[in-house]
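Undergrad: Right, I'll just put the structure down here and ask away after.
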Amino acid sequence: MGRIVALTGNDAVGTAMKQINPDVVAAFPITPQTELMHKFAEFHADGDVDTEFVLVESEHSAMSACVGAAAAGARTMTATSAQGLALMWEILYVAASCRLPIVMPVVNRALNAPLNIHCDHSDTMGARDCGWIQIYSENTQEAYDNVIQGVPIGEREDVLLPVMVTLDGFILSHTLERVELLDEGQVGGVTGEYRQAHSLLDTEHPVTYGPVDLPDYYFEHKRQQVLAMERAKESIVEVGRAFGELTGREYGLFESYWLDDAEVGMVALGSTAGTAKEAVDRLRAEGKRVGLLKLRVFRPFPYEELAEVLGGLKVVGVFDRAISFGAYGGALFSEVRSALFGVEGGPEVVNYMYGLGGRNISVEQIAGVFEQLGRIVETGRVEQMIRYLGVRE
């Protein structure tokens, strides 16, 4: 067993970054991520890391610095939230398209306007098609573990993709929780040594990054990114299995909770999964056949694996903490429903929008959702496909 401490989510992720000891970190503050970089800055000031710590004038500059450092062969990290992620938008695509395995914790926060600094998933859901691997964390322990695993996941030679590791703003970032820390040697064993095979600084084998790519080849390069994202699933599972052998905490693409004999299921991301588990436990004690699928990896989306696990249910409720304006339901709902399309006798899928701008979601509300889904099983009718949970209408 590792050393057990009490840490906020921000401090836990900052500690993971310290133990990874990246070559370069570019930093710019934004609530609720700021304390994460404050913690790493403390480690840097105390000489606990060898990192080149670059303070920049904006998040756009932070990601630009990361792209340059990673292309030069450095193991590179940064962190951000909300508007900061949005300001990086242009360079997020550059990082992914140049196949640079940057690891970036993102502390989830609502996007303006109106101004709101609390949690929802609008920021990372908006970035879902930038070409980054996306890993969501239920609690502070997972945020710490996921950041460490993000390094070897993205650096695998047949993957080479950047990784976002998310944690819910304030709910996790500023809340003190029990965390089991690895020692530096164990972390080094997980991350290994990094050698960029295509470094800009290798003058004996010159390469070009981000050239003009006209119709002759652009399509092929995008197809290569698709294949890399598909291979990332294998990398995520392999790294998660090895991490489990080391720590006893094995990770995969998702966690199945009481789904084996369930009739009614729920799909959720992030800290809400912990609340949903409590609701499932209470309803199971009453004899209700309910269960939860906690999705850990949103990109690459594990559509085949989800169809196998959810296909035998009668109804599934999908929780979205972000709105896709003009779309038929949220992003997670659309992906889950698409994965289940064509499954013979597959479940009805109902969407629940919730928690925007940090609005609380309770165990009682989730238990109420399970009751609504149960009535769909009883009646065979879905009266409202897209629902808004906890909003005044």
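Undergrad: From the set of residues in the range 199-228 that are hydrophobic (A, V, I, L, M, F, W, C) and either over 31 Å from the mean Cα position of the chain (by Cα) or part of a loop (DSSP other than H, G, I, E, B) (or both), which is surrounded by the fewest Cβ atoms within 10 Å (Cβ to Cβ)?
TA: Residue satisfying both the conditions and the ranking: VAL212.
Undergrad: Does at least one position in the range 98-115 carry a residue that is outside any loop (DSSP other than H, G, I, E, B) and either surrounded by fewer than 22 Cβ atoms within 10 Å (Cβ to Cβ) or assigned by TED's automatic domain parsing to the domain that holds ARG299 (or both)?
TA: Checking the range 98-115: not a single residue is outside any loop (DSSP other than H, G, I, E, B) and either surrounded by fewer than 22 Cβ atoms within 10 Å (Cβ to Cβ) or assigned by TED's automatic domain parsing to the domain that holds ARG299 (or both).
Undergrad: Is it the case that some residue within the range 49-56 is farther than 18 Å from VAL151 by Cβ, assigned by TED's automatic domain parsing to the domain that holds ASP168, of a type in the set (Val, Ile, Thr) and outside any loop (DSSP other than H, G, I, E, B)?
TA: Yes, the range 49-56 has at least one match.
Undergrad: Quick one: in the range 319-356, of everything that is free of Cβ contacts under 8 Å to residues at least 40 places away in the same chain and of a type in the set (Ser, Thr, Tyr), which residue is surrounded by the most Cβ atoms within 10 Å (Cβ to Cβ)?
TA: The residue in question is TYR352.
Undergrad: Please specify each residue of the range 120-137 satisfying the condition of being of a type in the set (D, E, K, R), in contact with a Lys or Arg (Cβ under 8 Å, 6 or more places away or on another chain) and either crowded, with 24+ Cβ neighbours inside 10 Å or free of Cβ contacts under 8 Å to residues at least 40 places away in the same chain (or both).
TA: Those that are of a type in the set (D, E, K, R), in contact with a Lys or Arg (Cβ under 8 Å, 6 or more places away or on another chain) and either crowded, with 24+ Cβ neighbours inside 10 Å or free of Cβ contacts under 8 Å to residues at least 40 places away in the same chain (or both): ASP120, ASP123.
Undergrad: Quick one: ALA82 ticks every box in (1) more than 16 Å from ARG128 (Cα to Cα); (2) touching a strand residue (DSSP E or B) at 6+ places or on another chain (Cβ under 9 Å); (3) crowded, with 22+ Cβ neighbours inside 10 Å bar one, so which box is it?
TA: (1)
Undergrad: Can you tell me which residues in the range 282-313 are surrounded by fewer than 17 Cβ atoms within 10 Å (Cβ to Cβ), assigned to a helix (DSSP H, G or I), without any contact (Cβ under 8 Å) to a residue 40 or more places away in the chain and not aromatic (Phe, Trp, Tyr)?
TA: ARG284, ALA285, GLU304, GLU308
Undergrad: Out of all the residues in the range 235-261, which are part of a helix (DSSP H, G or I) and either among the small types (Gly, Ala, Ser) or surrounded by 14 or more Cβ atoms within 10 Å (Cβ to Cβ) (or both)?
TA: Across the range 235-261, the qualifying residues are SER235, ILE236, VAL237, VAL239, GLY240, ALA242, PHE243, GLY244, LEU246, THR247.
Undergrad: Which condition does ALA110 not pass, out of (1) small (Gly, Ala, Ser); (2) touching a residue at least 60 places away in the same chain (Cβ under 8 Å); (3) more than 30 Å from ILE361 (Cα to Cα), if it passes all the others?
TA: Every condition holds for ALA110 apart from (3).
Undergrad: Within the range 314-326, does at least one residue satisfy the condition of being charged (D, E, K, R) and in a loop (DSSP other than H, G, I, E, B)?
TA: yes
Undergrad: Would it be correct to say that ARG75 is farther than 20 Å from VAL151 by Cα and either modelled with pLDDT of 95 or more or of a type outside the set (Phe, Trp, Tyr) (or both)?
TA: Considered against the rule, which asks whether it is farther than 20 Å from VAL151 by Cα and either modelled with pLDDT of 95 or more or of a type outside the set (Phe, Trp, Tyr) (or both), ARG75 comes out as no.
Undergrad: Another one. So in the range 340-358, with the set limited to residues that are assigned to a loop (DSSP other than H, G, I, E, B) and of a type outside the set (A, V, I, L, M), which one is farthest from LEU306 (Cα to Cα)?
TA: This residue is GLY355.
Undergrad: In this structure, does ILE20 turn out to be farther than 19 Å from VAL151 by Cβ and in contact with a strand residue (DSSP E or B) (Cβ under 8 Å, 6 or more places away or on another chain)?
TA: It is false that ILE20 is farther than 19 Å from VAL151 by Cβ and in contact with a strand residue (DSSP E or B) (Cβ under 8 Å, 6 or more places away or on another chain).
Undergrad: If we keep just the residues of the range 31-64 that are crowded, with 21+ Cβ neighbours inside 10 Å and under 24 Å from the mean Cα position of the chain (by Cα), which is farthest from ASN112 (Cα to Cα)?
TA: The qualifying residue farthest from ASN112 (Cα to Cα) is PHE40.
Undergrad: A further question on this structure: Residues that are in a strand (DSSP E or B) and in contact (Cβ under 8 Å) with a residue 40 or more places away in the chain: does the range 138-159 have at least one?
TA: No, that holds for no residue.
Undergrad: Additional query: Mind listing whichever residues of the range 26-77 are closer than 23 Å to TYR194 by Cβ and of a type in the set (D, E, K, R)?
TA: Scanning the range 26-77 gives LYS39, ASP48, ASP50, GLU52, ARG75.
The values are calculated or read from the model by the stated rules, or taken from the named source; none is laboratory data. Here the structure is a predicted model, which means the values were calculated and not measured. No Cβ is skipped: glycine too gets one built from the backbone with ideal geometry, and neighbour counts run over all protein chains shown.
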